[in-house]
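Working notes, structure below.
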Amino acid sequence: QVQLVESGGGLVQPGGSLRLSCATAGFIFTSYAMGWYRQVPGKGRELVAHISSGGTTWYTDFVKGRFTISRDNSKKTVYMQMNSLIPEDTAVYYCLAPSLGTSYWGQGTQVTVSS
């Protein structure tokens, strides 16, 4: 059974940092690309960062230079380091292996950036 469990969110002040983690199970992790998405109320889920099975990364322009996606294949875990956070980053963050389809979203982790 595919499982995706996000963690690491919280309340931070503008300019602060968080590291999100996505622990996975139920599929051959090393063969799959992974993505981080975020969602605010009334909006769809936006792709924020992506990492291929070979480690090639992609970021939406809004977070380039501030966020870093990485993966640890031995731990079957995807990370996203978020620095220089701004209030517009406030959202629920989710991970997903896009080729597995949208049936496997985890519970998400809330990130709130506020002074």
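The values are calculated or read from the model by the stated rules, or taken from the named source; none is laboratory data. Only a predicted model underlies this, so the values are computations on that prediction, with no experimental measurement involved. Cβ placement follows ideal geometry from the backbone for every residue including glycine, while neighbour counts extend to all protein chains displayed. Side chains included, ligands, DNA and RNA excluded: accessible areas come from the protein's heavy atoms. Shrake-Rupley method; radii C 1.70, N 1.55, O 1.52, S 1.80 Å.
Take the residues of region 29-45 that are outside any helix (DSSP H, G or I) and free of Cβ contacts under 8 Å to residues at least 24 places away in the same chain: which is surrounded by the most Cβ atoms within 10 Å (Cβ to Cβ)? By that ranking, first place goes to Lys43. Please enumerate the residues belonging to region 18-28 that are open to solvent by less than 30 Å² (accessible area, probe 1.4 Å) and among the β-branched types (Val, Ile, Thr). Correct list: Thr24 only. In this structure, Arg71 qualifies as charged (D, E, K, R), in contact with a helix residue (DSSP H, G or I) (Cβ under 9 Å, 6 or more places away or on another chain), at pLDDT 95 or above and farther than 17 Å from Gly16 by Cβ. Being of a type outside the set (Lys, Arg), touching a Phe, Trp or Tyr at 6+ places or on another chain (Cβ under 7 Å) and in contact (Cβ under 8 Å) with a residue 12 or more places away in the chain is a property that Cys95 has.
Going by what's in this entry, would Gly15 be described as at positive phi, open to solvent by less than 70 Å² (accessible area, probe 1.4 Å) and outside any strand (DSSP E or B)? Quick ask: steps written out before the conclusion?
Numbers: at positive phi: yes; open to solvent by less than 70 Å² (accessible area, probe 1.4 Å): yes; outside any strand (DSSP E or B): yes.
Spelling it out, Gly15 is indeed at positive phi, open to solvent by less than 70 Å² (accessible area, probe 1.4 Å) and outside any strand (DSSP E or B).
A Cβ distance below 6 Å, combined with a sequence gap of six or more or placement on separate chains, defines the contacts here; from region 57-86, residues that are surrounded by fewer than 19 Cβ atoms within 10 Å (Cβ to Cβ) reach residues that are among the aromatic types (Phe, Trp, Tyr) and part of a strand (DSSP E or B) in the pairs Ser70/Tyr79.
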